[in-house]
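A short worksheet on the structure shown next.
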Amino acid sequence: MGASIIFYILAVIIIVSAILAVTSKRMLRAATFLLFVLIASAGLYLLLNYHFLAAVQLSVYAGGILILFIFAILLTSGAKDDRTEPEDKPKVLLGILTAVGGLAITGMVVLKHQFLYSNNSTITGDAEINMKVIGNALMGTEKYQYLLPFEVLSVLLLACIIGGILIARKR
């Protein structure tokens, strides 16, 4: 019963913060609401007893990537970004229709899908995968191991940081 209440509280936080992140006119506020979404989703991982995934969510996404977003926002925004431009009515209508269509498709998929309910601990989240298995999968070079994408991601983040520095330096 307590886990269900916590789940619903986290779900409401995620939904409200995600809507506020998308509809906010200020980029820094949108990044703050995104932080709330990332922290609440880490709470969902904790609820499923995936402590490693929750730690990764908090440290990598909420800690690293979001800070990089905030630096990019602060380095690239100027005084001219504070003014608001009038909304284009056809674009707003198209955005609303797209959101309703996406919601309808998601609702159809959720209602038609039969979710798995069993006593298997890997499905219900009662057991956590061994850290050695996760480490070997992340840092291995064999099939279904992810060292190359891990390194490519680090080079991409380095390129983003260098680009942000160059943009800030031109000012």
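The values are calculated or read from the model by the stated rules, or taken from the named source; none is laboratory data. These numbers were taken from a predicted model, which means no experiment stands behind them. A quick note on method: Cβ atoms are made from the backbone with ideal geometry, for glycine too, and the neighbour counts reach across all protein chains shown.
Looking at LEU28, LEU46, which one is assigned to a helix (DSSP H, G or I) and touching a residue at least 12 places away in the same chain (Cβ under 8 Å)?
Selected residue: LEU28, the only one of LEU28, LEU46 that is assigned to a helix (DSSP H, G or I) and touching a residue at least 12 places away in the same chain (Cβ under 8 Å).
Across the range 71-122, what is the total count of residues that are over 30 Å from LEU157 (Cα atoms), modelled with pLDDT of 70 or more and in a helix (DSSP H, G or I)?
Total meeting the criteria: 24.
Kindly indicate the residue of the range 1-50 that is more than 11 Å from the chain's Cα centre (by Cα) and among the polar types (S, T, N, Q) and also surrounded by the most Cβ atoms within 10 Å (Cβ to Cβ) among those meeting that condition.
Looking at the filtered set, the residue picked out is SER17.
Tell me which residues, restricted to the range 133-151, are loosely packed, with under 11 Cβ neighbours inside 10 Å and among the aliphatic types (A, V, I, L, M).
Scanning the range 133-151 gives VAL133, LEU148.
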